[in-house]
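Worksheet: one structure, shown below.
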Amino acid sequence: MTAPFAATLASSSSGNATLFSNGRTHILLDAGISSRAIARALAQFSISVQDLTAIVITHEHSDHIAALPHLPKHIPVYASLGTAVRLPGNPVIVTPGKPFEINDVAITPFSTPHDTAESTGYILQYNAYQMALATDMGHMPTAIIKIISQVPVLFLESNYDEGMLMMGQYPPFLKRRISGKLGHLSNDDCAQAAVSCVNGKLRNLILMHLSKENNTPQTAYNTTCDHLMGHGIVAGQDVQLTVAPRSVPCQPIYLYADN
């Protein structure tokens, strides 16, 4: 049996979408880029928009839902109640902490701290293969660490470098919003979480949702590498570490069986 894979189709403050596929079930996690961009990205994995089994939404900000009105209506959309009431159509309601199934894939939502009605992250499991997506969080609660440290593959927000944000051109109110407890996860907070996760079951970490203005791929990568090294963990040896590109798909990340 071929292992399932996941891949970001785009990942930044401008737009986010991530694909999970086991060859039969194709799930789009967020749809924050144009429908045409989604179609082009899916084609790189020999999947069409019509092939999508479901769309699962983390929250209602435009960089996560922009394409929803333009995607085929027959594709079911899943979201928490607080998010669903702000989406077009009639999404299927999911509840944080309560698993649900899409075909042969079990999905468990978990609450995330963001300035939205009810934002969520997700654990996806197919047979013994697991992954997690945790993005758009102002801080990293212990409860989430416990959840995401139990999966081998993690897509984790590393949105901004604190120095770049504070020295940058954003107005003070926006800097406060981004760095606040309901804003976004900094490189340092992401890196600290990564240490805990590698000490759990994590084997492959993908840094995602980088800010164009307040971060760079190298800065995010180096911050996490340095934190890991400070705890005796070597990126590329003890854990695979990559940074998701902003506007093109990443290479497929094949999932590990959780034995």
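Rounded to the nearest 500, the helix-only mean residue ellipticity at 222 nm of the chain stands at -6500 deg cm²/dmol, with each DSSP H run of n ≥ 4 adding -39,500 (n - 2.57).
Roughly speaking, what % of Cα-Cα pairs in the chain are separated by over 25 Å, rounded to a whole number? Please list the in-between numbers first.
Working: 12637 of 33411 pairs.
Pairs farther apart than 25 Å: 38 percent.
Could you compute the net charge surrounding Thr95? Neighbours are other residues with a C-beta less than 14 Å from the C-beta of Thr95; K and R count +1, D and E count -1. Don't skip to the answer; put the middle values down first.
Numbers: positive: Lys98; negative: Glu101, Glu118.
With Lys, Arg at +1 and Asp, Glu at -1, the neighbours total -1.
Extending 7 Å from the Cα toward the beta-carbon at both Tyr254 and Gln237 defines two label points whose distance is 2.4 nm.
Here is the size of the range 67-200 from its Cα atoms: Rg then Dmax, 16.3, 48 Å. Taking the range 130-168 and a reference point 7 angstrom along Cα→Cβ of Asp188, the backbone N atoms nearer than 11 Å belong to 161-164.
Given Cα positions, please report Rg to Rh for the range 1-72, the hydrodynamic radius being the Kirkwood one. Mind dumping the intermediate values first?
Values: Rg = 11.3 Å, Rh = 11.9 Å.
Ratio value, two decimals: 0.95.
Protection proxy ranking of 205-218, 106-119, by the mean of other Cβ atoms within 10 Å over each peptide's residues and highest first, is 205-218, 106-119. Pairs of lysines in the chain whose Cα atoms sit within less than 25 Å of one another amount to 7, provided the residues are eight or more positions apart or on different chains.
FYI, it's all coordinate maths here, none of it is from the lab. For clarity, every value in this text was computed on a predicted model and none was experimentally measured. All Cβ positions, even for glycine, are placed from backbone atoms using ideal geometry, and neighbour counts span all protein chains on display.
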